[in-house]
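The values are calculated or read from the model by the stated rules, or taken from the named source; none is laboratory data. Remember, it's a predicted structure, so these values are computed and weren't measured experimentally. Cβ atoms come from the backbone with ideal geometry, glycine included; neighbour counts cover every protein chain shown.
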Amino acid sequence: MGLHLIEMEEGFSCYASGEFEARFIYQEIFKDNNYDQPGLPEAPFTIDVGANIGLFSLYMKQKYPAARIIAFEPAPENYQALRQNLELHQVGDVTVYPYAVGSEAREATFTYYPAMPGNSTLHPEEKALQKRLMGERLGEEAATDLFQATTITVKVDRLSRFLAEQHPGVTSIDLLKIDVEGAELEVLRGIDDADWAKVQNVLLEVNNADGALAQVEALLREKGLTVASEPVPLMWEELELYYVTAHR
């Protein structure tokens, strides 16, 4: 399929492999402001876990030009698109790592969907319901095309390892954004207590099909954060997708 330049609207283009999904995510972030977090400082230190093609990072730099961002994206094609989009929009102060983030350092099998790269995952079993619903609503042929997959081996490491070795001077994590298609708890469990004390705001998307929402909420409250959850708008109710926000 390959990367190609897509014009989202006049004045904003980006590189992506899957146009259908890229337009959906652009609407979600830039138009519907679903990722907007009030009360951030003028130069927020932001961590973007599951950065995909970089639309959230671009949104943060557009809204907060002085923001410092570290972004993680393990899929090589997404990583390339992310780097090209940062260059296209002449964005600086974004450090990108070609890693997945988890609870321990390891290598893992990663399922990549070129037509829907934002759905790529360490947990492909969680996509069975979504594929079935797409088949019912969009047709089996369309669902099969969208979920054509390849598997790759990716590096996984703990977020606290990157903070300790690459960003030791960080004293406040103003926003931690996580969108990792089923690996949310693994990301959260890879953060040391000393780093949790720095975290001021968390925004993540979680699939509750296996009861993960309650576990995520409990962990965040255990770390001293006030937590709220709401269904992701414009998504099929059966998918049980939720936005979780947490504030210190």
The lone exception for Thr171 - which of (1) under 19 Å from the mean Cα position of the chain (by Cα); (2) outside any helix (DSSP H, G or I); (3) within 20 Å of Thr46 (Cα to Cα) it fails: (1)
Of all residues making up the stretch 194-248, the number that are of a type in the set (Val, Ile, Thr) and either in contact with a Phe, Trp or Tyr (Cβ under 7 Å, 6 or more places away or on another chain) or not in a strand (DSSP E or B) (or both): 3
Check on Leu213, touching a helix residue (DSSP H, G or I) at 6+ places or on another chain (Cβ under 8 Å), more than 21 Å from Tyr112 (Cβ to Cβ) and free of Cβ contacts under 8 Å to residues at least 40 places away in the same chain: no
Exclusive hit being in contact with a strand residue (DSSP E or B) (Cβ under 9 Å, 6 or more places away or on another chain), of a type in the set (A, V, I, L, M), modelled with pLDDT of 95 or more and within 24 Å of Gly2 (Cα to Cα), set Ala100, Ala105: Ala100
Any hit, the stretch 149-165, residues being in a loop (DSSP other than H, G, I, E, B), within 25 Å of Ser57 (Cα to Cα) and within 14 Å of the chain's Cα centre (by Cα): no
Criterion (part of a strand (DSSP E or B), over 15 Å from the mean Cα position of the chain (by Cα) and not aliphatic (A, V, I, L, M)) met by exactly one of Glu42, Glu7: Glu7
Residues located in the stretch 174-193, provided they are under 19 Å from Gly54 (Cβ atoms) and either in a strand (DSSP E or B) or free of Cβ contacts under 8 Å to residues at least 40 places away in the same chain (or both): Leu175, Leu176, Lys177, Ile178
Tabulated pairs, the stretch 141-163, first under 16 Å from Ala108 (Cβ atoms) and touching a residue at least 24 places away in the same chain (Cβ under 8 Å), second in a strand (DSSP E or B) and among the acidic types (Asp, Glu), C-beta under 9 angstrom, 6+ apart or interchain: Thr153/Glu107; Val154/Glu107; Lys155/Glu107; Val156/Glu107
Filtered residue count, the stretch 92-110, keeping only those that are closer than 18 Å to Glu184 by Cβ, over 18 Å from the mean Cα position of the chain (by Cα) and not in a strand (DSSP E or B): 1
Residue in the stretch 59-96 that is farthest from Val156 (Cα to Cα), counting only those that are surrounded by 24 or more Cβ atoms within 10 Å (Cβ to Cβ) and among the aliphatic types (A, V, I, L, M): Met60
